[in-house]
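What follows is a set of notes on a single structure, which appears directly below.
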Amino acid sequence: MNNQLTVRKALEVAVRTERLGAVFYNKLAEKFKDDGEIRDIFATLAQDEIGHFKQFNQLLASIPEDEDAARNEALAFATLLAQSAFFIGEDGLDRNLGEIKTREDALEKALQFEKDTWGFYVAAKDAIGRSTALEAIIEAEQRHMAKLISYLITGAKMRGLDDEVPPSNASGS
């Protein structure tokens, strides 16, 4: 068996990443349990990652076991992303957890994770082709990034993926 990244292998990385992401966000929620707002942010992100995990498992189930995509630039890029610190080993996300001391540290680490996973999923989509499930997850990762950036900049509240952000001219909830 070769070490070439195939569509199936890319999806296996995605499934593992979402599982690890949920664990990571739950650990951050526990670490900041005395700060209700930030705890809730990470608990929401953990739930979102569990949803992504389920979506990727369904997508993975649709790929034949013997699938062997030819290596292309998108898969080569996904391979490089899969080798980032977040994706390497079971402790990839936990490696520097002890160094996270402040809310800002935690939010920045979460933002970096979301950017890395987004990049990996975009590269995987380029290689796989049109996939409604993958496109939905890419959009969710973009929303995560936007919300984390917004929270870092303004302290805005984090909403779950199922809770659409109202237009800025809305008068209330």
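Read-outs: derived from the displayed coordinates by stated rules, not from any lab. Since this is a predicted model, take the numbers as computed values, not measurements. Cβ: placed from backbone, ideal geometry, glycine included. Neighbour counts: every protein chain shown.
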For residue 18, the net charge from surrounding residues (Cβ-Cβ under 13 Å; K, R +1; D, E -1) works out to -3
With the crude spin-label approximation of a point 7 Å out along Cα→Cβ, what separation in nm comes out for residue 39 versus residue 146? 2.9 nm
List the lysines whose Cα sits under 24 Å from the Cα of residue 31, skipping any in the same chain fewer than 8 residues away. 101, 109, 115, 147, 157
